[in-house]
Amino acid sequence: MRKLILIDGNALLHRAYHAYPPLSTPKGELINAVYGFSSMLLSVLEKLSPTHVAVAWDVHGPTFRKQEFEEYKANRGPMDEELATQIDRTKEVVTKLNIPQYGIEGYEADDIIGTLSRIASEEEDTQVVIVTGDRDSLQLIKGNKIVVFLP
């Protein structure tokens, strides 16, 4: 049986940023979120033993939801600059691990994960495990075909 792990990159990176104290390289580059994300990613891979894995990312800019409904996430402030500066370095780590990454302008990582999980779950011998800190993903659960892992 194939096991596809779909990781909500932004959700895990955000969680890692708040979970770890400030860590920096000798040159002063802040890396606590990079370190935390990498640790969680490696732990998930070890615990869940996937045959396939991918990471989905939000892309900066308005989403179709925001264009349709101006109040969408209106109460959410901007991302902390110290977190934003760690996104590219985290993506580099994922690239070095040879894990495919997806991000589509106008869509959130949740949308990508929802689409990929639906398509993959149609395969008879495939289970999808969504790794996220976002409880909105619980609506995607489909028996044992699509499950959610909240690290």
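Data table
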{"item": "Pairs, first closer than 20 Å to His60 by Cα in segment 9-33, second among the β-branched types (Val, Ile, Thr) and part of a loop (DSSP other than H, G, I, E, B), C-beta under 6 Å, six or more apart", "result": "Ala11/Thr132"}
{"item": "Every residue from segment 7-37 that is under 22 Å from Ile104 (Cα atoms) and among the small types (Gly, Ala, Ser)", "result": "Gly9, Ala11"}
{"item": "Members of segment 114-139 found to be aliphatic (A, V, I, L, M), crowded, with 18+ Cβ neighbours inside 10 Å and part of a helix (DSSP H, G or I), listed by number", "result": "Ala120"}
{"item": "Failed criterion for Asp111 (all others in (1) under 13 Å from the mean Cα position of the chain (by Cα); (2) buried (at least 16 other Cβ atoms within 10 Å of the Cβ); (3) closer than 19 Å to Val44 by Cβ hold)", "result": "(3)"}
{"item": "Residues located in segment 2-43, provided they are open to solvent by less than 70 Å² (accessible area, probe 1.4 Å), of a type outside the set (Val, Ile, Thr) and part of a loop (DSSP other than H, G, I, E, B)", "result": "Leu23, Gly28, Glu29"}
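The values are calculated or read from the model by the stated rules, or taken from the named source; none is laboratory data. Model, not experiment: these values are computed from the prediction. FYI the Cβ positions are ideal-geometry reconstructions off the backbone, even for glycines, and counts take in every protein chain you see. Heads up: the accessible areas ignore ligands, DNA and RNA and are worked out on the full protein's heavy atoms, side chains in. Shrake-Rupley method; radii C 1.70, N 1.55, O 1.52, S 1.80 Å.
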